[in-house]
Ligand SMILES: [Zn+2]
């Protein structure tokens, strides 16, 4: 297996944020959601793992409050950028 743990985390945060009330006015089509995820991932370090054990260890390490706050900030920035130019690629 080859998994980017950062990608997993970013995807779940983006989906959670876009389902919430805070971003109701933003487009939620698949294209925009994928654009938000890819824009966020381009500004965040990737963390690839090859085993389930490695994945769990990295996930544990990255799942701290400070780390999630920092990732959240990047994602919120991306939501606003894509919100200004929706459905583009
Ligand atoms: Zn859209």
Just wondering, is there one or more residues in segment 42-49 that are in a loop (DSSP other than H, G, I, E, B), within 16 Å of the ligand (Cβ to nearest atom) and either within 10 Å of the chain's Cα centre (by Cα) or surrounded by fewer than 18 Cβ atoms within 10 Å (Cβ to Cβ) (or both)? no
Index of the failed condition, residue 6 passing every other in (1) in a loop (DSSP other than H, G, I, E, B); (2) surrounded by 13 or more Cβ atoms within 10 Å (Cβ to Cβ): (1)
Within segment 62-89, of all residues that are under 18 Å from residue 24 (Cβ atoms) and free of Cβ contacts under 8 Å to residues at least 24 places away in the same chain, the one nearest to the ligand (Cβ to nearest atom) is 84
Among the residues of segment 24-41, what is the count of those that are at pLDDT 95 or above, out of contact with any strand residue (DSSP E or B) (no Cβ under 9 Å at 6 or more places or on another chain) and more than 12 Å from the ligand (Cβ to nearest atom)? 4
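The values are calculated or read from the model by the stated rules, or taken from the named source; none is laboratory data. The structure presented is a predicted model; accordingly, all values stated were derived computationally and were not measured. No Cβ is skipped: glycine too gets one built from the backbone with ideal geometry, and neighbour counts run over all protein chains shown.
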